[in-house]
2 protein chains.
Amino acid sequence: MYTLAEENYLKTIFHLEQEYGKEVSTNAIAENMQTKASSVTDMVQKLADKGLLSYRKYKGARLSEEGTVAAIKIVRKHRLWEVFLVEKLNFHWDEVHHIAEQLEHVRSEELTNRLDKFLDFPDYDPHGDPIPDKNGNIKSAEKRLLSELDKGNNGILVGVRETSKEFLQFLDKRSIAIGSKIKVLGREFFDGSMVIQVKKEQFFISKKIAENLYIQI
Amino acid sequence: MYTLAEENYLKTIFHLEQEYGKEVSTNAIAENMQTKASSVTDMVQKLADKGLLSYRKYKGARLSEEGTVAAIKIVRKHRLWEVFLVEKLNFHWDEVHHIAEQLEHVRSEELTNRLDKFLDFPDYDPHGDPIPDKNGNIKSAEKRLLSELDKGNNGILVGVRETSKEFLQFLDKRSIAIGSKIKVLGREFFDGSMVIQVKKEQFFISKKIAENLYIQI
DNA sequence: AAATATTTTTAGTTTAATCTAAAAATTACA
DNA sequence: TGTAATTTTTAGATTAAACTAAAAATATTT
Ligand SMILES: [Mn+2]
Ligand SMILES: [Mn+2]
Ligand SMILES: [Mn+2]
Ligand SMILES: [Mn+2]
C-alpha cells in the first residue's frame, strides 16, 4: 500500500499533530526523522498529491482522514509488537522500541489481529501508550505531566513521554515504573526541579525528567 | 548490514545452490525472483564487489563463506517466524510463507534467539524444512522425493518442496500432512504417476505431486 | 564448422528517496 | 516598518534498484 518511507512520515506527522494539536511544520518533521527539511518538503508534497494529508506551502501539513487511518494502523502495530517483545520474549522496556520500528511495517491485517488476540487485547504498551483497537479507536485516559503537579499532589505513573534507553534506565535505577505511586514533596519554581517520593524513597529530579512522566491523579 | 534487495538475492542464490549443487545462473535467479536477467546481472556484480559471492561472467554465481552465513541467517529467521505463526498465532501452513518473507528481514540477533527459545528451539518449520541453529548449523535428515520410491516402498512424509497455497491445500483436502505414513501401491513408468495409500485411503497422484513430497524411509 | 537459438551482459532510462546549495517566503525585532 | 534572522522551498545531483533494447557470448542444431 504505502512505502516504508511514506509510512514513517505518516507516523511522525501523526505523533506531532497529537503533541501540538496544529499543522505540523517542515522543520519539526525533519528534526524528528533525522532528515533534511528539503527531503521533508518533497515527501509532504508527494503525500499531499496522494491525498494522505493537506499541505499549504510554508504553513505545514495536516493528515487527512485517510492519512490518519493509515498512521493509526502503524501505531497499533508498533505498540502491539512492543507488548509481544516484553510480555512473551522477556525483553526489557528500554530495548523494544527500535525492534518495533521494524516490525510495525510488516503488512498483514490478519497478523496484527491475531497478535492482538494472542496478547489478550492489551490496552497499553510497555511505556503506557494506548493501543488503538482494530477499528482505530484509541482509549485516551486522563493524564498529566508530573511537571504540572503542585507540591502535595500525588498520583500513579501511567506513561513515559521519552522512550530512550537512557531515560528508561534512569527510571529503572530508581525503581520507578509504570504503576508506581508518586508524590510531589517539593517544587522549585526557579528551574522546575522537584523532590518526589516513590515508595519509601525520595528523589530530586530535574524539570526535564518531570516533563517526561505522565501521572494519573 | 545488507539492503532488503541484497538479502533477497542472497537467500534465493542460497536455495538454488542447495537445489542444484553448482554455480547459479543469472536466468535461474531471475525466474525465481520474478525479475529480469539484466537486473540480476547488476546485483550479482554488486554482491561480488562486496565479497558475498564469486561471479564469473556468463558462468554464474556461487556464495562465499560470508554470503552463505548471511543467507543462512535469513533462512533461520524465515523458518522460525513460520513456526511462530503456526504454533502461536494458529495460522495455517499455507498462509505463513508470505508473512515470513517480510519478518525474515527484521534485524536483531537478540530477537531471533529469543524467538527461538520462546518456540522451544524447534528443529523444523511447518513445511518440514530444517531450522538452522544460532551458529548456522543445519540438521540434514535423510529424505527422498516420493517420486523416487518404488512400488511397495513406504515411509513418512517429512517435508514439502513446494509451499504454494494451491499445493498445500491440495494436500489438506486429502488429509495428507507432515507425519503421514505413505505407501506406494503403484507407479506408472510412462508418466511417473502413482497410486499411494495414506491411512485407509488410496489416491492417484501425478508425477508433479510426487516430486514435491519428501519422504523418510 | 556454420548458422541459429539461447543466455547473459551492457548501455541507457526511470523512479523513490535522499542530499547540498541557493532562492524565496515568513517571522522576529531594532 | 524596514532589516535581519529563520524557515521553507526549489533546483540540481546522487544512489539503489529496477526496467527495455541492443550487443555480445555461449550453446545447440543442422
Ligand atoms: Mn516505541
Ligand atoms: Mn511504546
Ligand atoms: Mn516459507
Ligand atoms: Mn517453510
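The values are calculated or read from the model by the stated rules, or taken from the named source; none is laboratory data. Bear in mind that the values here come from a model prediction, so they are computed numbers and not experimental data. Counting neighbours? That spans all protein chains shown, and the Cβs are built from the backbone with ideal geometry, glycine included. Please note that ligands, DNA and RNA were not included when accessible areas were found on the heavy atoms of the full protein model with its side chains. Shrake-Rupley method; radii C 1.70, N 1.55, O 1.52, S 1.80 Å.
Tell me, please, whether a residue that is free of Cβ contacts under 8 Å to residues at least 60 places away in the same chain and in contact with a strand residue (DSSP E or B) (Cβ under 7 Å, 6 or more places away or on another chain) can be found in segment B:66-77. Yes, some residue in segment B:66-77 is free of Cβ contacts under 8 Å to residues at least 60 places away in the same chain and in contact with a strand residue (DSSP E or B) (Cβ under 7 Å, 6 or more places away or on another chain). Restricting segment B:178-207 to residues that are of a type in the set (A, V, I, L, M, F, W, C) and open to solvent by 40 Å² or more (accessible area, probe 1.4 Å) leaves a set whose member that is nearest to DNA strand C (Cβ to nearest atom) is B:Phe190. Do the conditions hold for A:Ala100, that is, is it in contact (Cβ under 8 Å) with a residue 60 or more places away in the chain, within 16 Å of ligand 2 (Cβ to nearest atom), closer than 26 Å to A:Tyr124 by Cβ and among the small types (Gly, Ala, Ser)? Judged against the criteria, A:Ala100 is not a match.
When segment A:103-134 is filtered for residues that are over 22 Å from A:Val69 (Cβ atoms) and facing chain B (nearest Cβ under 10 Å), only A:Phe118 remains.
When segment B:1-22 is filtered for residues that are open to solvent by less than 70 Å² (accessible area, probe 1.4 Å) and free of Cβ contacts under 8 Å to residues at least 24 places away in the same chain, the ones remaining, listed by number, are B:Thr3, B:Thr12, B:Leu16, B:Gly21.
When the residues of segment B:108-125 are filtered to those that are of a type in the set (S, T, N, Q) and not in a loop (DSSP other than H, G, I, E, B), the one that is nearest to ligand 4 (Cβ to nearest atom) is B:Thr112. Scanning segment A:44-77 for residues that are open to solvent by less than 20 Å² (accessible area, probe 1.4 Å) and of a type outside the set (Gly, Ala, Ser) returns A:Val44, A:Leu47, A:Leu52, A:Leu53, A:Leu63, A:Ile74, A:Val75, A:Arg76. Please find, within segment B:52-96, the residue that is farthest from the other protein chains (Cβ to nearest Cβ) out of those that are among the small types (Gly, Ala, Ser) and at negative phi. Top of the filtered list is B:Ser54. Those residues that are exposed (fewer than 14 other Cβ atoms within 10 Å of the Cβ) and touching a helix residue (DSSP H, G or I) at 6+ places or on another chain (Cβ under 9 Å), I need them from segment B:122-135; list them, please. Selection gives B:Lys134 alone. Total residues in segment A:135-158 satisfying the condition of being assigned to a loop (DSSP other than H, G, I, E, B), without any contact (Cβ under 8 Å) to a residue 40 or more places away in the chain and out of contact with any Gly (no Cβ under 9 Å at 6 or more places or on another chain): the figure is 6.
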